[in-house]
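Read through the structure below, which is laid out as structure tokens, and then see the notes.
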Amino acid sequence: MSSASPVSSPPSRLPGASSPLSAVPDAAPEPSTRLLIALLIAAALLPRLLLMPFNENYYGDAVARTELSERWAREPHVITSYGDGTYQFGPLHIYLVGAALKAVADKALAGRLVSLLFGVLAVVPLFSLTRRLFGWRAGMVAGLSLSVWGMHLQMSTTAASEALSLFLMLWVFALVAQGLDENRMGPLFGAAAVLNLACATRYDAWLFMPLLCLALLFWGPDRIAGLTRAVGFGIVCLPFPLLWMQGNEMAHGDPFFPIRAVEQFHDAWVKDGIARVGPWRYRLESLAFWPGIALLTLSPGVALLGMVGMWRTWRTRPDVRWLTLAALVPTAYFTFRAAVLLDFQPLGRFTVTELALLLPFVGPGFVACVGSRGAGVRGALASVCTVLAVAVPVAMGLYTFRADGGLRDSLRPVSPTSTNPVPLMQVARFLKDEVAAKGGAAVLDEDPSYMDLQLAFFSGLSDDRLARVRWATFRDHLRRAQPEYLVRFDHGRLVKDAGVKWDGGRALVLDGVEYAELDGFSPPLHVYRRR
């Protein structure tokens, strides 16, 4: 075995010598890999297909991403910067959803199909990674755990980018594992190429470029081989990040302009969080966020077995420590920023890659927990963990489905079911059935929490039939569309407009046109009709 390997080759047995294991029957042969992958794909596809008719685009900027993709699909081009059509998002997801929009007429469905495809396919690199490190049984456990992971169910059935991003990152880790196991540069170059795609999808993937370079540098005892791996991998990682940085430098004068835009959102969220709960509670909640999300979304059984397996493997398998670090270093980095520096707001969707890396360790964690105990103990532990893995997401999904307020609003971002606020969808259905279907038009207030984006998306009204306060061209659209209906949000910007007169009652005047409020709708939305 090459000196790059951390494990020595076993001494060869002399010809004719009997093996001490000759009396032990051979283990059952591994089933066909194609069969195992087919079973995992079916297991991942079934619950996601069940959720597709019910889930709605909401979290993860699914609506904004779809609308940007729609604009790109109308005028396809190579996106080179923040202001060239993606804003704070990476361009790859925009390309894929834009291509789907050309094939699927329903814009609410097109992006969800992209997520469904990559959400289901994620079991393939996860199985490959886990099987290579811990065997096919651990690979099946990891894949089945992903299949029922509640947060991933939502991501696979809505049009945000996390399903694509996680598929790419798992593919990266699988190729890295292959390159180290086979002591070949080819798979490592492949991993770096795929990491370019991940970096073109989400910015949290950029952290893995230096992290994996360091892991490759220090893997195994041979420092020369490690340096070769790290440098080669690092060079192949660079094309997209350098091109993207150059494009933003030329367009905006800052190579990290999109990342700084994201940081501004986090800065505002942190200030809101501190104002709501105070600095010390905010710090404590941030410290507990990653393990808490693991226990809540993966289910306690899966999460705890993964943590035990990660700890036990760290002590007994130095060759696998790179994967553990790939999970722990980003977790520690973002936790430090949130709890100490107070400049990062933890979000469930930022934990996805790190939590997914617990799954390869679930099988080893189970073995570590049962040890040499009897079949009864093994069966009981397996049964409890299986029931929890299914029951927790089912219970959370039912609890948050089309219900608002209190704890439901906190759980919905990580729940299997993704539904918009009930009052908003009531107004959206009204606009779609009574306004869009009859060729009408509407004025749309600007909501500080961006609910106007959701309402416009689901209203069925085209841009030329909407006058949106959020737009700089609001007055132009207002004159052209002559809207009969108006939607106002509590705390919206419309009532602050110089052309609006409103005394807090049920009538509102916009540019000399009077609108009267209709009954049957619930705050924070108010629907008006022109008199």
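The values are calculated or read from the model by the stated rules, or taken from the named source; none is laboratory data. Quick caveat: nothing in here was measured; it's all calculated off a predicted structure. Reconstructed Cβ throughout: ideal geometry from the backbone, glycine too, with neighbour counts over all protein chains shown. Side chains are part of the model used for accessible areas, which takes the heavy atoms of the whole protein and leaves out ligands, DNA and RNA. Shrake-Rupley method; radii C 1.70, N 1.55, O 1.52, S 1.80 Å.
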Practice problem: Quote the accessible area belonging to Val340 in square angstrom, nearest 10, computed with a 1.4 Å probe and with ligands, DNA and RNA left uncounted. | Solution: 80 Å²
Quiz prompt | MRE, 222 nm, helices only [DSSP H, n ≥ 4, -39500 (n - 2.57), over the chain, to nearest 500] | solution = -18000 deg cm²/dmol
Quiz item: From the Cα gyration tensor of the range 74-197, with a ≥ b ≥ c the square roots of its eigenvalues, which class applies: rounded if a/c is under 1.5, or else prolate if a/b is larger than b/c, or else oblate?
Solution: oblate
Self-check item: Surrounding net charge for Ala215, when Lys and Arg each add one and Asp and Glu each subtract one, Cβ distance under 10 Å
Solution: +2
Exercise. Give, rounded to the nearest 20 debye, the magnitude of the charge dipole that the range 385-531 has about its Cα centre when Lys and Arg contribute +1 at Cβ and Asp and Glu contribute -1 at Cβ.
Key: 160 debye
Practice problem: Using a 1.4 angstrom probe on the protein heavy atoms only, line up Arg312, Arg202 by accessible area, largest first. | Solution: Arg312, Arg202
Self-check item: the range 216-348, relative contact order in percent, only Cα pairs under 8 angstrom and at least six apart counted
Solution: 24 percent
Quiz item: Expressed in nm to one decimal, what extension gain is obtained for the pair Asp343 and Lys271 from 0.36 nm per residue of sequence separation less their Cα-Cα distance?
Solution: 25.0 nm
Quiz item: Applying the Karplus parametrisation 6.51 cos²θ - 1.76 cosθ + 1.60 with θ = phi - 60° to the phi angles of the range 395-409, what ³J(HN,Hα) value in whole Hz is obtained for each residue in order, glycine and proline being reported as x?
Solution: 5, 5, x, 5, 5, 9, 6, 6, 9, 10, x, x, 4, 4, 5
Quiz item: Residue by residue, what Karplus-based ³J(HN,Hα) values in Hz, rounded to whole numbers, does the range 216-226 have, using 6.51, -1.76 and 1.60 with θ = phi - 60° and x for Gly and Pro?
Solution: 5, 5, 9, 6, x, x, 8, 6, 5, 4, x
Quiz item: Which residue, chosen from Pro210, Met185, Leu444, occupies the Cα position most advanced towards the positive end of the dipole of the chain, where the dipole is computed from +1 (Lys, Arg) and -1 (Asp, Glu) charges on Cβ about the Cα centre?
Solution: Met185
Quiz item: What ranking do 101-108, 43-50 get when scored by the average of other Cβ atoms within 10 Å per residue, highest first?
Solution: 43-50, 101-108
Quiz item: Once phi is turned into θ = phi - 60°, what whole-Hz ³J(HN,Hα) does the Karplus curve with 6.51, -1.76 and 1.60 give for every residue of the range 433-445, x standing for Gly and Pro?
Solution: 7, 9, 10, 4, 5, 10, x, x, 9, 8, 8, 10, 5
Quiz item: Once label points are set 7 Å from the Cα along Cα→Cβ at both Arg373 and Ile259, what is their separation, rounded to one decimal in nm?
Solution: 4.6 nm
Exercise. Quick one: net charge around His266, please, counting Lys, Arg +1 and Asp, Glu -1 for every other residue with C-beta under 11 Å from its C-beta.
Key: -1
Quiz item: Within the range 60-99, which trypsin sites (Lys or Arg not before Pro) sit in a loop by DSSP and count at most 14 neighbouring Cβ atoms inside 10 Å?
Solution: none
Quiz prompt | Over 32 Å (Cα to Cα) - which of Lys102/Lys501; Lys102/Lys496; Lys107/Lys271; Lys438/Lys496; Lys102/Lys271 fall in this group | solution = Lys102/Lys501; Lys102/Lys496; Lys107/Lys271; Lys102/Lys271
Quiz item: Under the classification rounded if a/c is under 1.5, otherwise prolate if a/b is larger than b/c and oblate if not, where does the range 194-289 fall, given a ≥ b ≥ c as square roots of the Cα gyration tensor eigenvalues?
Solution: oblate
Quiz prompt | Cα-centre dipole for the range 178-231 with unit charges at Cβ (Lys and Arg positive, Asp and Glu negative), debye to 20 | solution = 100 debye
Exercise. Only Lys, Arg, Asp and Glu count, each charged at its Cβ (+1, +1, -1, -1), so figure out the dipole size of the chain about its Cα centre, rounded to 20 debye.
Key: 1040 debye
Quiz item: Among 371-377, 464-470, what's the highest-first ranking by average C-beta atoms within 10 angstrom per residue?
Solution: 464-470, 371-377
Quiz item: Which one, (i) 175; (ii) 197; (iii) 184, gives volume of the Cα convex hull per residue in Å³ as derived from the coordinates shown?
Solution: (i)
Exercise. Using Cα pairs closer than 8 Å and at least 6 residues apart in sequence, work out the relative contact order for the chain, in percent.
Key: 14 percent
Quiz item: Tell me, what is the percent relative contact order of the range 108-227, built from C-alpha pairs under 8 Å that lie six or more residues apart?
Solution: 24 percent
Quiz item: Looking at the range 231-288, which trypsin sites (Lys or Arg not before Pro) are DSSP coil and have at most 11 other C-beta atoms within 10 Å of their C-beta?
Solution: none
Quiz prompt | Fully extended contour minus Cα-Cα distance, from Asp319 to Leu39, at 0.36 nm per residue | solution = 97.9 nm
Practice problem: Using amide H atoms built 1.01 Å from N in the peptide plane, name the residues 5+ places from Asp254, or on other chains, whose amide H lies under 5 Å from its own. | Solution: Glu249
Quiz item: Considering the zone a paramagnetic label at Phe54 would reach in this model (a point 7 Å from Cα along the Cα-to-Cβ line), which residues of the range 387-419 have amide N under 14 Å from it?
Solution: 391-403, 415-419
Quiz item: Which one of Gly226, Leu508, Thr158 is farthest out on the positive end of the charge dipole of the chain, using unit charges on Cβ (Lys, Arg +1; Asp, Glu -1) and the Cα centre as origin?
Solution: Gly226
Quiz prompt | Net charge, Tyr399 excluded, C-beta distance under 14 Å - Lys, Arg +1, Asp, Glu -1 | solution = +1
